[in-house]
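J.: I'd like to ask you about the structure that follows.
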Amino acid sequence: MANVTVIGAQWGDEGKGKIVDWLSERADVVARFQGGHNAGHTLVVGDKVYKLSLLPSGIVRGTLSVIGNGVVLDPWHFRDEVAKLKGQGVDITPDNLQIAETCPLILPFHRDLDGLREDASGAGKIGTTRRGIGPAYEDKVGRRAIRVCDLAHLDDLGPQLDRLTAHHDALRAGFNEAPIDRDRLMAELREIASFILPFVKPVWLTLNKAKAEGKRILFEGAQGTLLDIDHGTYPFVTSSNTVAGTAASGTGLGPSAAGFVLGIVKAYTTRVGSGPFPTELEDATGQRLGERGHEFGTVTGRKRRCGWFDAVLVRQSVAVSGVTGIALTKLDVLDGFDTLKICTGYRIGDQTYDYLPAHAQDQAKAEPIYEDIEGWQDTTAGARSWAELPAQAIKYIRRIEELIGCPVTLVSTSPEREDTILVRDPFAD
Ligand code: GDP
Ligand code: IMO
Ligand code: MG
């Protein structure tokens, strides 16, 4: 198994960026395969903090980075993010960054629609990042999208644009919004095309060649399994498949390419946006987790909801993504608690469940069944070896492994790149 697929096993923000950055030292290629700039991946290297939304985290080390066909790409955001990272001293050229020709574009009216719908939804709002992700994926499956490769054929765009604008103008009319200004859109596309096109390559070919040469590919998932369009807490989800299986379809490699599936798991639970969250703590303990963990969204700055570790959800994620091992992150945030709680099941009405039922109403009513586990007073912050961990912290990790039925491969003990404990090298499997 030369490759590693990193996915979030909760509701996103598990620390995928830190772990991908750490692993990318051993990788030859890093590939994003779904989502878009709704992601917010934070990397801390010495006194530098890098925040990436669209670019694969491998770019910070200069590792060949590719944006696969499964990603929806906002070309203006792409340009801004490249400029921002270059400003931080990161070298980015078409030699180390490639974009798949078949990525659908996120256009300004996708962003408008995302916001208009959220504003009109009242209490039912999803709490999206308002970046146009959902509307862009809708156009992809509706076979109306403008794709990256169209930027090289803008003069032939007429009929495609007719279909696309007819669809959106009808939606916009429903919100009392003016029709799309086609001339302006074409001018904007022409202007951005010259920046994007040098990066555009047949990424599936790059990756298949890398595979044939025995190179190590690291797939970087965005969001988390509980935000997956099929397996998540629908409708409070994102609009892509976030499970590990998407690494193949979202890049143009066969299903065996995923290799070692590394599920990133926070030592407690957070969620940003609306939707069910059985172990949520709306009290001082939740506040304490949020403060210690600095739980504010990278993309929107929103406060993340916090709660106890939910072993039921992670066990479910391990199953639907075929997780080989987990990286347990933010263990240090739990330092100093007298007692920790782990959710081992749910009570819904007079029934108990050892999985999260599919219906949103049942999910909303799920009451956690907890077991208590003694906390630890010593610090785990900055630990780089197993031997530095307090005995109770090790017990907590072991109990999590038992409950989720999956071994811990890495432990992360601070935002800093090197504060990571390697238990088993995922690339060595
Ligand atoms: P991602 O979306 O999964 O990449 O995660 P984010 O970057 O959105 O959120 C994780 C946050 O936790 C970031 O600010 C990281 O710098 C930080 N972080 C990652 N690992 C650890 C850790 O082990 N301990 C602490 N205290 N912070 C961490
Ligand atoms: P990373 O990769 C956490 C959430 C939004 C919202 C829902 C739908 O940093 O883990 P969207 O804009 O995708 O249509 O919003 O999904 N969401 C995330 N939550 N981390 C993310 O990415 C997220 N990307 C989207 O808050 O609830
Ligand atoms: Mg994030």
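J.: With θ taken as phi - 60° and the coefficients 6.51, -1.76 and 1.60, list the Karplus ³J(HN,Hα) couplings across region 72-86 in order, rounded to whole Hz; mark glycine and proline as x.
T.: 9, 10, 8, x, 6, 5, 3, 4, 5, 5, 4, 5, 4, 5, 4
J.: Under 5 Å between amide hydrogens, which residues at least 5 positions from residue 98 or on another chain qualify, with H placed 1.01 Å from N in the peptide plane?
T.: 65, 66, 67
J.: Another question about this same structure. Most fluctuating residue of 164, 313, 52 in a GNM of the chain with Cα springs under 10 Å: which is it?
T.: 164
J.: Cross-link partners among lysines for residue 303, C-alpha distance below 29 Å, same-chain residues fewer than 8 apart left out?
T.: Excluding near neighbours in sequence, the set is 16, 18, 48, 51, 84, 86, 125, 266, 330, 341, 365.
J.: Please give the helix 158-174 orientation as an angle from the longest Cα principal axis of the chain, in degrees from 0 to 90, rounded to the nearest 10.
T.: 60
J.: Rounded, prolate or oblate for region 53-136? Axes are the square roots of the Cα gyration tensor eigenvalues, ordered a ≥ b ≥ c, and the cut-off for rounded is a/c under 1.5.
T.: Note, shape of region 53-136 comes out prolate.
J.: What whole-number distance in Å separates the alpha-carbon centres of region 123-173 and region 183-206?
T.: A separation of 16 Å, based on Cα centres.
J.: If you don't mind, another one. As an exercise, use a Förster radius of 45 Å and the Cβ-Cβ distance of residue 395 and residue 79 to find the FRET efficiency, rounded to the nearest 0.05. Show your work: numbers first, answer last.
T.: Working: r = 49 Å, r/R0 = 1.09.
Efficiency for this residue pair is about 0.35.
J.: Quickly work out the residue 187-to-residue 428 label distance, labels modelled 7 Å from Cα along the C-beta direction, and quote it in nm with one decimal.
T.: Result for the modelled spin labels: 6.0 nm.
J.: Under the rule of at least 5 residues apart or a separate chain, name every residue whose amide H is placed under 5 Å from the amide H of residue 5.
T.: It is 219, 260, 261, 262, by chain and number.
J.: Looking at the chain, send over the antiparallel percent of its DSSP beta bridges, to the nearest 5.
T.: Approximately 40 percent, going by the DSSP bridge assignments.
J.: Rounded to the nearest 10 degrees, what's the angle between the helix 391-404 long axis and the longest principal axis of the chain, both from Cα atoms, 0 to 90?
T.: Result, in degrees: 60.
J.: Dividing the Cα convex hull volume of region 46-197 by residue count, how many Å³ per residue is that?
T.: Working: hull volume 19.5 nm³, N = 152.
In region 46-197, the Cα convex hull volume per residue is 128 Å³.
J.: Hey, rough spin-label estimate for residue 197 and residue 234, points 7 angstrom out along Cα→Cβ, what's it come to in nanometres?
T.: It is 4.1 nm.
J.: So if we plug the beta-carbon distance of residue 287 and residue 173 into 1/(1 + (r/R0)^6) with R0 = 41 Å, what FRET efficiency do we get, rounded to 0.05? Don't jump to the answer; show the numbers that get you there.
T.: On the way: r = 45 Å, r/R0 = 1.09.
Computed FRET efficiency for residue 287 and residue 173: 0.40.
J.: In deg cm²/dmol and to the nearest 500, what is the mean residue ellipticity at 222 nm of the chain if only DSSP H runs of at least 4 residues count, each as -39500 (n - 2.57), divided by the residue total?
T.: For the chain, the value works out to -9000 deg cm²/dmol.
J.: Work out how far the C-alpha atoms of region 108-196 reach from end to end along every principal axis, then list the three figures in whole Å, largest first.
T.: 43, 24, 23
J.: Take 403, 107 and order them by how many other Cβ atoms sit within 10 Å, fewest up front.
T.: The fewest-first ordering by Cβ neighbours comes to 403, 107.
J.: Can you give the angle from 0 to 90° between the axis of helix 182-196 and the longest principal axis of the chain, with both taken from C-alpha atoms, to the nearest 10?
T.: 60
J.: Which of the three applies to region 47-91, rounded, prolate or oblate, going by the alpha-carbon gyration tensor with a ≥ b ≥ c and a/c under 1.5 meaning rounded?
T.: oblate
J.: Still on this model: Check which residues have an amide H placed less than 5 Å from residue 103's amide H, if you skip close sequence neighbours.
T.: 148, 149
J.: When the distances between all Cα atoms of region 265-428 are binned every 10 Å from zero, what whole-number percent does each bin get?
T.: Percent of pairs per bin, in order: 10, 38, 38, 13, 1.
J.: 7 Å from Cα along Cα→Cβ at both residue 119 and residue 152: what's the point-to-point distance in nm?
T.: For residue 119 paired with residue 152, the spin-label model returns 3.9 nm.
J.: Running a GNM on the chain with Cα contacts under 10 Å, which residue among 159, 104, 135 ends up with the highest mean-square fluctuation?
T.: Residue with maximal mean-square fluctuation among 159, 104, 135: 159.
J.: Another one. Given the C-alpha centroids of region 58-93 and region 355-408, what is the distance between them in whole angstrom?
T.: Value for the Cα centre distance between the two parts: 34 Å.
J.: Report P(r) for region 1-122: all Cα-Cα distances, bin width 10 Å, range 0 to the bin holding the largest distance, values in whole percent.
T.: Pairs per bin, as whole percents: 12, 43, 33, 10, 2.
J.: Work out how much length residue 47 to residue 162 would gain on full extension: take 0.36 nm times their residue separation and subtract the Cα-Cα distance, in nm to one decimal.
T.: Using 0.36 nm per residue and subtracting the Cα-Cα distance, I get 36.4 nm.
J.: While we're here: By count of other Cβ within 10 Å, fewest leading, how are 343, 149, 306 ordered?
T.: Values: 343 23, 149 15, 306 26.
With the fewest neighbours first, 343, 149, 306 line up as 149, 343, 306.
J.: With springs only between Cα atoms under 10 Å apart, run a GNM on the chain and tell me which of 219, 296, 309 wobbles the most.
T.: 296
J.: Kirkwood hydrodynamic radius for the chain: how many Å is it when counted over pairs of different Cα atoms?
T.: 22.1
J.: At 4 °C and a viscosity of 1.567 mPa s, what translational diffusion coefficient does Stokes-Einstein give for region 124-172, taking Rh as the Kirkwood radius over Cα pairs? Give it in µm²/s as a whole number.
T.: 106
J.: Okay, next question. From the P(r) of region 249-292, can you give the percent of Cα pairs sitting at distances over 15 Å?
T.: Taking all Cα-Cα pairs of region 249-292, the fraction more than 15 Å apart is 63 percent.
J.: In addition: Around residue 332, what is the net charge, scoring Lys/Arg as +1 and Asp/Glu as -1 over all other residues with Cβ under 9 Å from its Cβ?
T.: 0
Computed from the coordinates by the stated procedures, all read-outs in this text should not be read as laboratory data. Bear in mind that the values here come from a model prediction, so they are computed numbers and not experimental data. Glycine gets a Cβ as well: all are built from the backbone with ideal geometry, and neighbour counts include every protein chain shown.
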